[in-house]
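Undergrad: Got a structure for you, questions after.
The values are calculated or read from the model by the stated rules, or taken from the named source; none is laboratory data. Predicted model, so just to flag it, every value in this text is computed and none were measured. Counting neighbours? That spans all protein chains shown, and the Cβs are built from the backbone with ideal geometry, glycine included. Each accessible area value is taken on the protein alone, full model and side chains, heavy atoms only, with ligands, DNA and RNA left out. Shrake-Rupley method; radii C 1.70, N 1.55, O 1.52, S 1.80 Å.
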Amino acid sequence: MTDVETSTGTRRILLVEDEKPISDAVAAYLERENYWVTAAMDGQEAVNEFSKHHFDLVILDLMLPKIPGEKVCRIIRESSDVPIIMLTAKGEVEDRIVGLELGADDYLIKPFSPRELVARVRALLRRAHIDSKPQREVLEFNELTIDLSGHRVLISGEEIDLTASEFKLLTTLASYPGRVYSRMELVEKVLGYDFEGYERTIDSHVKNLRAKLGDDPRNPKWLFTVHGVGYRFDSPKVEAKDAAD
Ligand code: CA
C-alpha cells in the first residue's frame, strides 16, 4: 500500500516561465516540497508538455515567447480543468481579471515570493483533492443538475464546461440554497486561503459562472447578488438526492 506516498508526494506541476532565474528559483522551492516539476521555457513547449503528460497543476507566466500565456491557458482549458496559477508582471486589476476570465484559478503578481507561490500551490492542490473525493450526491434545481461525485454540471442534460474554481463556487453556494455567503467566506472556501483584497476575484468567478449557466444577473434564476454582502444560490424547487438511486 502506497496511499501515503501518493497522497502527499509526487504531484506533477508544469511550470511555464521564460525567465530562467525565476523558473529555477520556483522549481527549487517546489522540489523541496516534494513536487515533481517540469519546466517549460515558452508557450509552445508548455502546450507540448501538457499534451504529453498528466499534470496536477500548472503555473503559467502571462508574457511568454512563441505562444502567449493567455492562449496557452485557453488551449489547456479546451481539454482540462487542471488548477492554473497565472503569473503576471503587470499587476493591473484589469490584467488579473483577464487571467481569471481565461479560466485561471488564481494569479500572482511579479515580483512574488516563492514561499507564497508554494502556499497557493498547496491550497489549490488540497482543494482539488477534496473536490475529487467521491461524495455520491447529485443536486437538482429544475433544469440545472450538479453532479458532485462526477464533477459535472448540466443544464437540460447539456454539460457545461466549468473551471475548478467555478465548480467549487457553484457547489459551495448550491449546497445551502438561501444561505448568504460573504465574498470573504467565498474566497476562503473557493480559493482555499484567507487573503485580504481577493473578494474581487469572487465577483469575476461569479460573472463567468453566470455567463456559462446563462443566468441573467438582472433577473437571476440561481445566483443572486446580496448587495453589500455577497452572494446566495436559490431556486424555486430544491431537491437533493443520492446518485446511487
Ligand atoms: Ca515572461
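Undergrad: Would you be able to say whether some residue in the stretch 88-95 is touching a residue at least 24 places away in the same chain (Cβ under 8 Å) and surrounded by 22 or more Cβ atoms within 10 Å (Cβ to Cβ)?
TA: The answer is no, given that none of the residues of the stretch 88-95 is touching a residue at least 24 places away in the same chain (Cβ under 8 Å) and surrounded by 22 or more Cβ atoms within 10 Å (Cβ to Cβ).
Undergrad: Provide a single number: the residues in the stretch 13-61 that are open to solvent by less than 10 Å² (accessible area, probe 1.4 Å), part of a strand (DSSP E or B) and either within 13 Å of residue 76 (Cα to Cα) or at pLDDT below 95 (or both).
TA: 7
Undergrad: Do we have residue 116 as among the acidic types (Asp, Glu), free of Cβ contacts under 8 Å to residues at least 12 places away in the same chain and not in a strand (DSSP E or B) here? Show your work before the answer.
TA: Working: among the acidic types (Asp, Glu): yes; free of Cβ contacts under 8 Å to residues at least 12 places away in the same chain: yes; not in a strand (DSSP E or B): yes.
Judged against the criteria, residue 116 is a match.
Undergrad: A further question follows. Whether any residue in the stretch 160-177 is part of a strand (DSSP E or B), more than 18 Å from residue 207 (Cα to Cα) and at pLDDT 90 or above is what I want to check.
TA: Narrowing the stretch 160-177 to residues part of a strand (DSSP E or B): 160.
Subset that is more than 18 Å from residue 207 (Cα to Cα): none.
There is no residue in the stretch 160-177 that is part of a strand (DSSP E or B), more than 18 Å from residue 207 (Cα to Cα) and at pLDDT 90 or above.
Undergrad: When residues of the stretch 79-92 are filtered for being under 15 Å from residue 105 (Cα atoms) and acidic (Asp, Glu), how many remain?
TA: So the count comes out to 1.
Undergrad: Evaluate the stretch 232-239: report whether one residue or more is modelled with pLDDT of 90 or more and either surrounded by fewer than 16 Cβ atoms within 10 Å (Cβ to Cβ) or over 16 Å from the mean Cα position of the chain (by Cα) (or both).
TA: Yes: the stretch 232-239 contains one or more residues that are modelled with pLDDT of 90 or more and either surrounded by fewer than 16 Cβ atoms within 10 Å (Cβ to Cβ) or over 16 Å from the mean Cα position of the chain (by Cα) (or both).
Undergrad: Further, regarding this structure: Could you check residue 70 against (1) within 14 Å of the ligand (Cβ to nearest atom); (2) modelled with pLDDT of 90 or more and say which number it fails?
TA: Of everything listed in (1) within 14 Å of the ligand (Cβ to nearest atom); (2) modelled with pLDDT of 90 or more, residue 70 misses just condition (2).
Undergrad: Select from the stretch 54-66 the residues that are within 14 Å of the ligand (Cβ to nearest atom) and under 21 Å from residue 106 (Cβ atoms) and list them in ascending order.
TA: 59, 60, 61, 62, 63, 64
Undergrad: Mind checking which residues of the stretch 8-53 are aromatic (Phe, Trp, Tyr) and either within 16 Å of the ligand (Cβ to nearest atom) or closer than 19 Å to residue 122 by Cβ (or both)?
TA: Selection gives 29, 35, 36.
Undergrad: With the requirement that a residue be without any contact (Cβ under 8 Å) to a residue 40 or more places away in the chain and within 23 Å of the chain's Cα centre (by Cα), what does the stretch 23-40 give you?
TA: Across the stretch 23-40, the qualifying residues are 23, 27, 31, 34, 36, 37, 38, 39, 40.
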